[in-house]
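The next block holds one structure in the form of structure tokens; read it before the comments.
The values are calculated or read from the model by the stated rules, or taken from the named source; none is laboratory data. Because the structure is a prediction, the values reported are computed rather than measured. Cβ sites come from the backbone with ideal geometry, for glycine too, and all protein chains shown count toward neighbours.
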Amino acid sequence: MTGRILLATFVMGSIAAAASAADKRVEVGASAGWTFSDGVSGTATDRFGNEFSRIDPKDSFSWNLRLGYMVSEKSEVGVLYGAQPTQLVVGVRTSTANVREFELGDQSIRHYHGYYAYHFGEAEKVKPYFLIGLGATSFGGITVNTAAVPVRNDGQQHSIGGNTKFSGTAALGVKVFPSPGFGIRLESRWTPTYIKSDAAGYWCDPYWGCYTVGNAQYNNQFELSGGFVFRF
């Protein structure tokens, strides 16, 4: 349902953008690519004695929709929606030295970010840029494929609920405009999402005393993508 609402908003934004064709300040675009995903590590043991050491989204295809407004010749603000259909992979320690990976089930990861982009150079047809954004990343729930995971099944269907967390995003890219109203985008983008912190020991200060310090772990997603831009 959320994806349909975003798609409808994207289409409506495109129509609204067409109305301002005189100054060509609005950009509407779509892109697709490949995302390299990195999850988190840890140690957890279930009630059957299985030791789990990692959990990661699998590297997979991804796509994006974008609506931006050029507030000046070099500055752009906008909104970005990204989606990655993937599988959640768990690492299970089968011996002292060996860890095997098993797919828990299908998962959808979605990004919702507002962004600011700064464009470099003076050329009209080639626009390198740097982008930063803030928003949220949603990890969809999954139905566990108990037949593929080495756990003892009680005959019931198991699931893992979804979660949404604050995230940031940063990108380097270039837009190439063969014509004033149409361009091609190439981009590399990094989206880190904070997941958890592991205790890393204690830090003691003469004034504040001693307290626990943590080692933060993030779900990192690195995307390489290409797509098109319409400027109105």
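For this structure, a couple of remarks:
- For Ala8: the one exception among (1) in contact with a Phe, Trp or Tyr (Cβ under 8 Å, 6 or more places away or on another chain); (2) at pLDDT below 65; (3) surrounded by fewer than 15 Cβ atoms within 10 Å (Cβ to Cβ): (1)
- For the range 159-182, filtering for residues that are loosely packed, with under 15 Cβ neighbours inside 10 Å, of a type in the set (D, E, K, R) and over 12 Å from Thr193 (Cα atoms) leaves 0.
- Every listed requirement among (1) polar (S, T, N, Q); (2) in contact with a strand residue (DSSP E or B) (Cβ under 9 Å, 6 or more places away or on another chain); (3) at pLDDT 75 or above is met by Thr45 save one, (3).
- Considering residues of the range 141-166 that are hydrophobic (A, V, I, L, M, F, W, C) and in a loop (DSSP other than H, G, I, E, B) only, the residue modelled with the lowest pLDDT: Val151
- Residues located in the range 20-41, provided they are part of a strand (DSSP E or B) and modelled with pLDDT under 95: Ser37, Asp38, Val40, Ser41
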